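Undergrad: What follows is a single structure, and I will ask about it in a moment.
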Amino acid sequence: MAEIIRERVCAEVEGGVTVFLIGMRINRLWKVWKWLPLGRAMPKMLQELMGQPELGLLSARMAFGGRNLWMVQYWRSAAHLQAYARAEDRAHLPAWTAFYKAIGTSGDVGIWHETYVVPPGHAESIYVNMPRFGLGLAGELFPAKGHRATAGKRLTAVAAAA
């Protein structure tokens, strides 16, 4: 089990960060042969990305609810994310091509993503009685005291340092 940090801490990521949300919605549950390959593709990509930090993935966390599975990923930059997505010698492009060939616009499985480029000074966080999570996995944790005591102070401090 992950270590619980029993104090108020906040996370800071040097420079900006790119937040990438990606997910799938299983529209036709009985068509397991359609959605299972898609579900199996992401762990391969994550293994590749976590084994090669120079590709730019800082952290990732999976979540699910109902027919939806999604992941929050933190990337060093949008350029790193786009380079990975387009690289012919990486796991993503073949998986995307296979998905589109097998499913296309059939309606069996939906996929989506959203990308947010967050410049320095435009993100803040707080964690209390939590293990490392979210930006806390992507960046460095600091006690939420002094110039980091409130959300407003954290945003001002990060912006001033940038």
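Undergrad: What pairs can you find where one residue is in the stretch 97-119 and under 17 Å from L69 (Cβ atoms), the other is in a strand (DSSP E or B) and of a type in the set (D, E, K, R), and their Cβ atoms are less than 6 Å apart, with a gap of 6+ or different chains?
TA: G110/R25
Undergrad: Of all residues in the stretch 47-86, how many are closer than 30 Å to N27 by Cβ and either hydrophobic (A, V, I, L, M, F, W, C) or assigned to a strand (DSSP E or B) (or both)? Lay out the reasoning, then the answer.
TA: From the stretch 47-86, those closer than 30 Å to N27 by Cβ are 47-50, 57, 59-75, 78, 81-82, 84-86; that's our starting set.
Next, only the ones that are either hydrophobic (A, V, I, L, M, F, W, C) or assigned to a strand (DSSP E or B) (or both) stay: 49-50, 57, 59-65, 68-75, 78, 81, 85.
Residues meeting the conditions: 21.
Undergrad: Looking at R90, R132 in this structure, which one is among the basic types (K, R), within 28 Å of I4 (Cα to Cα) and in contact (Cβ under 8 Å) with a residue 40 or more places away in the chain? It would help to see each step written out before you state the result.
TA: Values: R90 fails: within 28 Å of I4 (Cα to Cα).
The unique qualifying residue is R132.
Undergrad: Being farther than 11 Å from E12 by Cα, outside any loop (DSSP other than H, G, I, E, B) and not polar (S, T, N, Q) is the filter here, so list the residues in the stretch 105-142 that pass it.
TA: V109, G110, I111, W112, H113, E114, Y116, V117, V118, Y127, M130
Undergrad: While we're looking at this one, here's another question. So how many residues does the stretch 99-120 have that are surrounded by 13 or more Cβ atoms within 10 Å (Cβ to Cβ) and either outside the structural domain of F64 (by TED's automatic domain parsing) or modelled with pLDDT of 85 or more (or both)?
TA: Taking the stretch 99-120 and keeping what is surrounded by 13 or more Cβ atoms within 10 Å (Cβ to Cβ), we get 99, 102-103, 108-111, 113, 115, 117-118, 120.
Those still in the list that are either outside the structural domain of F64 (by TED's automatic domain parsing) or modelled with pLDDT of 85 or more (or both) too: 108-111, 113, 115, 117-118, 120.
Number of matching residues: 9.
Undergrad: Could you please let me know if A123 is of a type in the set (A, V, I, L, M) and more than 15 Å from the chain's Cα centre (by Cα)? Let's see the steps before the verdict.
TA: Numbers: of a type in the set (A, V, I, L, M): yes; more than 15 Å from the chain's Cα centre (by Cα): no.
No: the conditions fail for A123.
Undergrad: Right, here's the next one. Just to be sure I understand, how many residues within the stretch 19-44 are exposed (fewer than 15 other Cβ atoms within 10 Å of the Cβ) and either under 17 Å from P94 (Cβ atoms) or not assigned by TED's automatic domain parsing to the domain that holds H113 (or both)?
TA: 5
Undergrad: A83 - would you say it is touching a Gly at 6+ places or on another chain (Cβ under 8 Å) and over 30 Å from P143 (Cα atoms)? Show your work before the answer.
TA: On the way: touching a Gly at 6+ places or on another chain (Cβ under 8 Å): yes; over 30 Å from P143 (Cα atoms): yes.
Yes; evaluated as a whole, the condition is true for this residue.
Undergrad: Further question: Under the condition of being in a strand (DSSP E or B) and in contact with a helix residue (DSSP H, G or I) (Cβ under 8 Å, 6 or more places away or on another chain), which residue from the stretch 23-46 is farthest from R148 (Cα to Cα)? Reasoning before the result, please.
TA: Just the residues of the stretch 23-46 that are in a strand (DSSP E or B), to begin with: 23-26.
Next, only the ones that are in contact with a helix residue (DSSP H, G or I) (Cβ under 8 Å, 6 or more places away or on another chain) stay: 24, 26.
Values: M24: 36, I26: 42 Å.
Per the stated criteria, the residue is I26.
Undergrad: Taking R40 as the residue in question, decide whether it is touching a Phe, Trp or Tyr at 6+ places or on another chain (Cβ under 9 Å) and charged (D, E, K, R). Write out each step before concluding.
TA: Working: touching a Phe, Trp or Tyr at 6+ places or on another chain (Cβ under 9 Å): no; charged (D, E, K, R): yes.
Criteria not met by R40.
Undergrad: Okay, next question. Which numbered condition trips up D89, out of (1) in the same structural domain as K34 (by TED's automatic domain parsing); (2) assigned to a helix (DSSP H, G or I)?
TA: The failed condition is (2).
Undergrad: For the stretch 45-71, enumerate the residues that are farther than 26 Å from V117 by Cβ and surrounded by 14 or more Cβ atoms within 10 Å (Cβ to Cβ).
TA: Correct list: R67 only.
Undergrad: It is to be established whether one or more residues within the stretch 12-28 are of a type outside the set (D, E), closer than 22 Å to F142 by Cα and over 16 Å from the mean Cα position of the chain (by Cα).
TA: Within the stretch 12-28, the first condition is being of a type outside the set (D, E), and the residues that meet it are 13, 15-28.
From what is left, the residues that are closer than 22 Å to F142 by Cα are 13, 15-19.
With over 16 Å from the mean Cα position of the chain (by Cα) added as a condition, the list becomes 15.
Yes, some residue in the stretch 12-28 is of a type outside the set (D, E), closer than 22 Å to F142 by Cα and over 16 Å from the mean Cα position of the chain (by Cα).
The values are calculated or read from the model by the stated rules, or taken from the named source; none is laboratory data. Quick caveat, the model's predicted, so the values are computed rather than measured. Cβ sites come from the backbone with ideal geometry, for glycine too, and all protein chains shown count toward neighbours.
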